[in-house]
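The values are calculated or read from the model by the stated rules, or taken from the named source; none is laboratory data. Predicted, not measured: the structure shown is a model, and the values here were computed from it. Here the Cβ positions follow ideal geometry from the backbone for every residue, glycine too, while neighbour counts run over all protein chains shown.
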Amino acid sequence: MIEAFDAPSPMPSGGTVFYSPRYFVRSQLAYDFSTALYTLTAIDGTKTVFDEAGRVTSVTGPGGQIAAYAYSGSELSSITVVDGSDSNDYAFTWSSGLLASQITSVNSHPLSKVE
């Protein structure tokens with residue numbers, strides 16, 4: 001069963017609308033009009049943020065770990081994962097829709113490059 005937001009009419013220019021699912025679904029979906037982003041909050045507290053194109057822009061774990069996703073057009077260009085003072089960066093380049101290379105860095109030090 002697909003349910004729609006209980007959105008006010010007319011839509012507000014700012015603020016957030018929440019979708020509360022029924023039955024046994026415990027996750028909560030919210031849309032923020034000021035940022036045009038959706039946030040899905042899981043029962044364990046994990047927050048996944050999506051843009052209007054449906055692309056994941058960030059995931060925040062219950063312990064505060066953050067993964068941020070960046071795109072160049074429709075292609076994923078980088079992922080940055082931060083856990084406390086440690087960070088891992090993954091940079092991607094594409095050629096004709098295929099992955100051309102991937103670079104992994106740990107705490108800003110390049111660790112590996114795959115082409």
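Side notes on the structure shown:
- Residues that are in a loop (DSSP other than H, G, I, E, B) and aromatic (F, W, Y) within the stretch 28-59 comprise just one, F33.
- Single residue of S108, S95, S78 found to be small (G, A, S), in contact with a strand residue (DSSP E or B) (Cβ under 6 Å, 6 or more places away or on another chain) and farther than 30 Å from R26 by Cα: S78
- Options A67, A100, A91; residue that is in a strand (DSSP E or B), surrounded by fewer than 15 Cβ atoms within 10 Å (Cβ to Cβ) and hydrophobic (A, V, I, L, M, F, W, C): A100
- Inspection of the stretch 22-35 identifies no residue that is among the hydrophobic types (A, V, I, L, M, F, W, C), surrounded by 11 or more Cβ atoms within 10 Å (Cβ to Cβ), modelled with pLDDT of 90 or more and on the phi < 0 side of the Ramachandran plot.
So that you can scan it fast, the table gives a plain yes or no per residue for (1) within 8 Å of the chain's Cα centre (by Cα); (2) surrounded by 14 or more Cβ atoms within 10 Å (Cβ to Cβ):
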site	(1), (2)
T48	yes, yes
G54	no, no
V59	yes, yes
G63	no, no
S78	no, yes
G84	no, no
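- Applying a threshold of 6 Å to beta carbon distances and a minimum spacing of six or more residues, or different chains, the list of pairs starting in the stretch 59-71 at a residue that is under 17 Å from Y38 (Cα atoms) and ending at one that is outside any strand (DSSP E or B) and polar (S, T, N, Q) reads G61/T46.
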